[in-house]
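Some notes on the structure that comes next.
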Protein chains: 10
Amino acid sequence: MLKGISKIISPELIKILMEMGHGDEIVIADGNFPAESKGQRVVRLDGHKVPEVLSAILKLFPLDSYVDNPVILMETTVKDKDLKPQIWDKYNKIVNNNSNDKIEFKQIDRFDFYKRAEKAYAVIATGEMALYANIILKKGIITD
Amino acid sequence: MLKGISKIISPELIKILMEMGHGDEIVIADGNFPAESKGQRVVRLDGHKVPEVLSAILKLFPLDSYVDNPVILMETTVKDKDLKPQIWDKYNKIVNNNSNDKIEFKQIDRFDFYKRAEKAYAVIATGEMALYANIILKKGIITD
Amino acid sequence: MLKGISKIISPELIKILMEMGHGDEIVIADGNFPAESKGQRVVRLDGHKVPEVLSAILKLFPLDSYVDNPVILMETTVKDKDLKPQIWDKYNKIVNNNSNDKIEFKQIDRFDFYKRAEKAYAVIATGEMALYANIILKKGIITD
Amino acid sequence: MLKGISKIISPELIKILMEMGHGDEIVIADGNFPAESKGQRVVRLDGHKVPEVLSAILKLFPLDSYVDNPVILMETTVKDKDLKPQIWDKYNKIVNNNSNDKIEFKQIDRFDFYKRAEKAYAVIATGEMALYANIILKKGIITD
Amino acid sequence: MLKGISKIISPELIKILMEMGHGDEIVIADGNFPAESKGQRVVRLDGHKVPEVLSAILKLFPLDSYVDNPVILMETTVKDKDLKPQIWDKYNKIVNNNSNDKIEFKQIDRFDFYKRAEKAYAVIATGEMALYANIILKKGIITD
Amino acid sequence: MLKGISKIISPELIKILMEMGHGDEIVIADGNFPAESKGQRVVRLDGHKVPEVLSAILKLFPLDSYVDNPVILMETTVKDKDLKPQIWDKYNKIVNNNSNDKIEFKQIDRFDFYKRAEKAYAVIATGEMALYANIILKKGIITD
Amino acid sequence: MLKGISKIISPELIKILMEMGHGDEIVIADGNFPAESKGQRVVRLDGHKVPEVLSAILKLFPLDSYVDNPVILMETTVKDKDLKPQIWDKYNKIVNNNSNDKIEFKQIDRFDFYKRAEKAYAVIATGEMALYANIILKKGIITD
Amino acid sequence: MLKGISKIISPELIKILMEMGHGDEIVIADGNFPAESKGQRVVRLDGHKVPEVLSAILKLFPLDSYVDNPVILMETTVKDKDLKPQIWDKYNKIVNNNSNDKIEFKQIDRFDFYKRAEKAYAVIATGEMALYANIILKKGIITD
Amino acid sequence: MLKGISKIISPELIKILMEMGHGDEIVIADGNFPAESKGQRVVRLDGHKVPEVLSAILKLFPLDSYVDNPVILMETTVKDKDLKPQIWDKYNKIVNNNSNDKIEFKQIDRFDFYKRAEKAYAVIATGEMALYANIILKKGIITD
Amino acid sequence: MLKGISKIISPELIKILMEMGHGDEIVIADGNFPAESKGQRVVRLDGHKVPEVLSAILKLFPLDSYVDNPVILMETTVKDKDLKPQIWDKYNKIVNNNSNDKIEFKQIDRFDFYKRAEKAYAVIATGEMALYANIILKKGIITD
């Protein structure tokens, strides 16, 4: 543990967050996401929820202001087409509370999301039970 | 994740718990414990509390009935000699709720605890903020 | 060994089953399957039969309800075109006893089966002597 | 799988048995033995019983005729002093059916057994549920 | 060494032969074959001849009866177009003495042979001095 | 890079600082220190000075309040017995500016310092040109 | 440290510079560059500025005189189209002070720069805070 | 060192030369060749000249008589189009002194040479200062 | 394979022989020797006899002339006290045919032989069936 | 290769020389020295002489002025008691030409030399044919 850094951030995770540069992406995956088969690097945070992880990470880096959508969600599939994941509202608040600019999320198809996760710098495997709770963050520039 | 197993148990942790045999010990360490310098194998559960981990593990194996004290605590040091760690009461309830026999805990000196941790099969690094919250469990026999 | 988990499940296997996410596949291969040349990860359960392994795994995760056929068999080849593998009836009973929905198995050609095994998260190498006894399972969502 | 070799013998196990020379020892451990913490090399045969493994191995090498006791058992401890492990009779039959000379087993104390296991060439982790079912074999000379 | 297994078979080789499944191929290469640059796995049997290795292997598994030509030879090249490798007669006897069915060998071009060797499960590097003495075997099904 | 963390801290170093627990020690070594032959883990910060590294680290964890001297210096040797390393004054200011309690430094003999460095959790190799500029820090407890 | 070699050059970096041959490229990346996701080999020089690193390297090898542009910069993007990175003037002076021939820099698009970095022999991750401060050097021939 | 083998041949190099088979190629590279970025396996012979290495290797294997040009040189580039590398004459003498047949060298373009080096079994990195001193050898058949 | 080097010498073995220096020892072990449990490095020559290996090695280095007994045999044990291993005569001829000085062999006790093998640079595992056929060679100085 | 650094210094060697700190030792071993069995790290410079290596290294670091004898030789043994190794005169000149202070060499017994080599940071294996040509250097302080 270190002063001023959330206890939910593991030593391996902070190393990975610090290694990431402008434009690198990280996936915060829910408990059912196939993290180990998709991720180039996998950080396990079993038993934790996505919102806590999201808050902790956004204290450490800004989102990418060089793209329109630095936050990506997994779109609900045909089988769940009437589902409105309530956790997305939480994400919206957390992201926009940590940003000066208004951030609009982009939704992409489940299998496109998998392909994007395969290219991400890392995937965090949480124990989040909510469905469609996966989220991708694109790291911005550190200026100070 | 798997059916019937606590979400706090990571894939690596369940593998380690299953590998352990009669008499092998595991340390559930608080957030200030020097887990990485003492442990032969370290499982990180950053951000979690010890009681939740203790409960989850005791669902998976019984304590060793071949010794008098299958549970070990770290004794308070001279500097903290008036401290009564309240978390020990929680441990007592969790352990005895999961056991048919009355289990008495044993307290050992801080540096003896370190040596014992070095011989343990694994150390779990939690984010527990309570002091003197480290606990060692000795695995018993699976009979069914 | 752990309480409540089949003795046939090895530490490595339970780690792999827990790492798998929604949509990941696992092959339970018979004793003649080229498991080591096809599998990305191979778990050896030499000397065991497929039905026992199948039963043990289906206690731990549900099949994928987002696809029509979460169970795949290897079709008999031209040389064995009159063979009706009796072990498939056992599989049918085990799978449907562990599922609320009626599960229909899909058969695919031997070489297509090989290609699919190459993409699976893991291959379990058993000692099953029955022919055409290979089976692929697609993991579903854990909801509790 | 190979012709003429028991299906319970895994590729890794036959390699280890062949690598062993005169005087090297192997432990066939029951399911509660701390195989992973004691063994220099561990071969997992989860879910199998010791007698089947013992029979299969004794088809492949003779016991050491240069020592009085090429077979070692773990003595029952004080807590179980009235226990007569019935599985020892099975071991006796299997060993003597595979030997021209009459083999007498030696019993050693639980903790001496652990130390000896630490020096053995390998430990086989079975799923045997019988207590005190661990057995050490000392390999003899191959003469043909 | 083990009872009943040829002394020419190394521990690594028997492990590989046992790991191979139906349809996997193994190359027994002569001393001039570029084994290390072509083979995914290389087993060295320096100083041995191919016929002895061939005989030893065919005691351990049957050839594949699901294809027309489970045995492949390297065709002589233009430079050696009048060469009739006498060692092929030995191979013919060894193979057909170990098979119930009449086995016809297939010859393929040198560079096609290289490509096939690159896909084989393993290449055995012998010290055979005869030219065009390389041979590929396709493993069949173990039925007992 | 991350918000709020000194640019001099590398990803590997912050991982190590976070892994350290109560009582673990880290050496900030000058450019002539035999860091690679003494350190269990070595973090290279070539070209940097010790004071900058010291300041950055003390932002991240407190010193150990359970011992009298959580800061150790290497005593000047006989050959340099009249040398008063001026850099020690800088260290004194940095350390005491970052601590509520008055911290007294302890000096130990060069070869005792080497032995202690061998037991430290890590050694940071800087490019500091001042002599006797090595310093050991003992990590304290994180309480918030 | 060694006589006559800049203290900013780490042991790993000098090894890499010496391993490089005619035409191999190295990237000196600023603190926001995604060094770890692009580089085949990454050398970390956290907390250092690019000009110091550039000067130190150009003492050790000449630039490639077989191409028109042995130095490559990352072009400013549309979002920063009015930005004139002042650090480029420093680079110009350092490069031309270390060269007999006049060296003209070439600018390439951000994403082309990433692709070229992926093919470079190594990427040096500095802590440079200036934007568009990344630079690629192509090593020339050592003739003495 | 061994009797009868040149002192310039390192243990790693003789292993590699012995592993090579008919048709495998090895590059003896000059000191400016990008050996580490091109070679699948790199043997370092820093500080040595190519002719000494060439002589030592040709004592150990014959060149390939199944191709027209078992020796390949790197053609001079446009920039050096008037250069006649004198070292090629030395190579010619060494090669033809070690061969019964007259060997004609083939010259290929610099970038084609790089591609061929990437496919070679190994690259030897010498300290040869002559330009265009790289040479590729194709191993022949050992017949005695 | 290489010109002038016995086909029984593998690439790994010649590397090891060349790495050995003055006073380093190598064990040529018979087929029953516990090579893998004793040897720091093990070279497998399964299926070969010791005399052939001995002859091939003595072509490559001289025995140590700085000690009285550069050749060590394993003494027959009590159980075999009347055994006169005939293979020792062969060893005597091979060794003395390859030496200018008369070499006297030394015999040491079985368990002392094991300890010495553990300190040897390497152990060669042959398939020699003769008993007490193990032999240790101490490498001498290469002078030309 | 790099400007201003001897071509005899390999990339690995310069990395090691730079990693070494005050008091670390390096052995430059002759061709008969058992470098691989004694050295913690071995750098191979096969085919080179010791004096060239010695000269190149002393350009890169000073000897340790904190001890009486920063240079150690291997004493001639009883068998060679009349031998006066002429190469020692060369060493004397090279060392004292590179030092302001007069350096006296110390001779130690062969087996003490071996023990010291085992503790050295690295051993360089040359092809030097002179006897008793091994030399140990103790690195001093870099002050500029």
Relative contact order for the stretch D:24-138: what percent, with Cα pairs under 8 Å and sequence separation of 6 or more? 59 percent
Neighbour-count ranking for G:71, F:67, E:78 (other C-beta within 10 angstrom, fewest to most) reads E:78, F:67, G:71
Just to be sure I understand: with springs between alpha-carbon atoms less than 10 Å apart, which residue in I:99, I:65, I:55 has the highest mean-square fluctuation in the Gaussian network model of chain I? I:99
Under-5 Å amide H pairs with residue A:33, H placed in peptide plane, nonlocal only: C:22
What is the fewest-to-most order of G:52, J:118 by other Cβ atoms lying within 10 Å of their Cβ? J:118, G:52
List the residues, sorted by chain then number, that are 5 or more residues from residue C:65 or on another chain and whose placed amide H is less than 5 Å from its amide H. C:141
Environment charge of residue F:25, counting only residues whose C-beta is closer than 10 Å and scoring Lys/Arg +1, Asp/Glu -1: +2
Residue of chain D whose Cβ sits closest to the axis mapping D onto B, with distance in whole Å: D:40, 13
³J(HN,Hα), Karplus 6.51/-1.76/1.60, whole Hz, each residue of the stretch E:111-116, x for Gly, Pro: 6, 5, 4, 4, 4, 5
What ranking do B:113, C:33 get, fewest neighbouring Cβ atoms within 10 angstrom at the top? B:113, C:33
Over the stretch E:24-138, what is the percentage of antiparallel beta bridges among all DSSP beta bridges, to the nearest 5? 40 percent
How large is ³J(HN,Hα), in whole Hz, for each residue of the stretch D:73-89 in order, when computed from phi with the Karplus curve 6.51 cos²θ - 1.76 cosθ + 1.60 and θ = phi - 60°, using x for Gly and Pro? 10, 8, 4, 5, 8, 3, 4, 10, 5, 8, 6, 10, x, 5, 5, 4, 5
Taking amide H atoms as placed 1.01 Å from N in the peptide plane, list the residues 5 or more away in sequence, or in a different chain, whose amide H sits under 5 Å from that of residue H:107. H:73
Taking square-rooted eigenvalues a ≥ b ≥ c of the alpha carbon gyration tensor, is the stretch C:1-57 rounded, prolate or oblate, where a/c under 1.5 means rounded and, failing that, a/b exceeding b/c means prolate? oblate
DSSP beta bridge pairing in the protein assembly as shown, given as percent antiparallel to the nearest 5: 40 percent
Gained length - residue E:40 relative to residue E:66, 0.36 nm times residue gap less alpha-carbon distance: 6.9 nm
Of the stretch G:54-84, those with amide N under 11 Å from the point 7 Å along the Cα→Cβ vector of residue G:106 are G:67-73
Listed residues B:120, B:130, B:29, most fluctuating in chain B (Gaussian network, C-alpha, under 10 Å): B:130
Point-to-point label distance, residue G:143-residue A:83, nm (Cα→Cβ direction, 7 Å offset): 6.9 nm
Under the helix-only model (-39500 (n - 2.57) for each DSSP H run of 4 or more, divided by the residues of chain E), the mean residue ellipticity at 222 nm, to 500 deg cm²/dmol, is -8500 deg cm²/dmol
Once phi for every residue in the stretch J:90-107 is put through the Karplus expression 6.51 cos²θ - 1.76 cosθ + 1.60 (θ = phi - 60°), the whole-Hz ³J(HN,Hα) values, with Gly and Pro written as x, are 4, 4, 4, 5, 4, 5, 6, 5, 9, 9, 6, 8, 6, 9, 9, 7, 10, 9
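Bear in mind that the values in this text are calculations on the coordinates, not laboratory data. What you see is a predicted model; the values in this text were computed from it and never measured. Ideal geometry is used to build each Cβ from the backbone, glycine not excepted, and the neighbour counts take in all protein chains shown.
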